[in-house]
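Comments concern the structure below.
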Amino acid sequence: MKTIIERFKIFFLSIWKELKDLKTLVLFFAVVLVIYSPVWGGYLIYAIFHYPWSLTMATVCLAFWAGPFTPFFPICIAVTLAIKRVVKRIRRIKQNKR
């Protein structure tokens with residue numbers, strides 16, 4: 001049976017293999033931050049205004065994304081690769097116009 005450390009290694013190595021370069025990895029972390037933004041925004045609103053509904057909303061969003069049946073990381077990887085493909089296509093179109 002694999003240990004938790006080995007599983008984490010395999011997980012992060014598979015992400016690195018999928019994302020390949022540093023720019024894509026930075027884009028991946030930006031996508032993760034954007035997808036988690038309702039959580040951070042809810043906690044920020046609670047910290048500033050002390051609205052209990054924002055704390056509840058943030059915790060529910062966090063529980064949803066952290067749940068075992070939500071494919072959070074595959075969604076983030078797919079969005080990252082889609083953005084990367086669009087950027088490559090735009091660059092290729094700009095190069096062909098010159």
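Phe72 versus Ser14, label points 7 Å from Cα toward the beta carbon: distance in nm?
1.6
Given the chain, what whole percent of its Cα pairs are spread farther than 18 Å?
Considering the chain, 62 percent of its Cα-Cα pairs are separated by more than 18 Å.
Could you state the angle between the C-alpha long axis of helix 4-19 and the longest principal axis of the C-alpha atoms of the chain, as a value from 0 to 90 degrees rounded to the nearest 10?
With both axes taken from Cα atoms, the answer is about 40 degrees.
Lysines near Lys23 by alpha-carbon distance under 16 Å, same-chain residues fewer than 8 away left out - which ones?
Leaving aside lysines fewer than 8 places away in the same chain, those within reach of Lys23 are Lys84, Lys88.
Arrange Phe49, Phe69, Phe8 by Cβ neighbour counts within 10 Å, fewest through most, would you?
Listed from fewest to most nearby Cβ atoms, that is Phe69, Phe49, Phe8.
Taking θ as phi - 60°, what are the ³J(HN,Hα) couplings along the range 56-71 by the Karplus curve (6.51, -1.76, 1.60), each to the nearest whole Hz, with x for Gly and Pro?
Karplus values, whole Hz, x for Gly and Pro: 5, 4, 5, 5, 5, 4, 5, 5, 5, 6, 8, x, x, 9, 9, x.
Hey, quick one: spin label on Val26, modelled 7 Å out along Cα-Cβ, who in the range 63-90 has an amide N within reach, i.e. under 17 Å?
80-81, 83-85, 87-88
Starting from the Cα-Cα distance between Trp40 and Arg98, subtract it from 0.36 nm times their residue separation and give me the gain in nm to one decimal.
16.6 nm
List the lysines whose alpha-carbon lies under 22 Å from that of Lys2, not counting same-chain residues fewer than 8 positions away?
Partners within reach: Lys17.
Any read-out appearing in this document is the output of simple, stated calculations on the displayed coordinates, not a laboratory observation. Worth saying up front: this structure is predicted, and the values here are computed from it rather than measured. Counting neighbours? That spans all protein chains shown, and the Cβs are built from the backbone with ideal geometry, glycine included.
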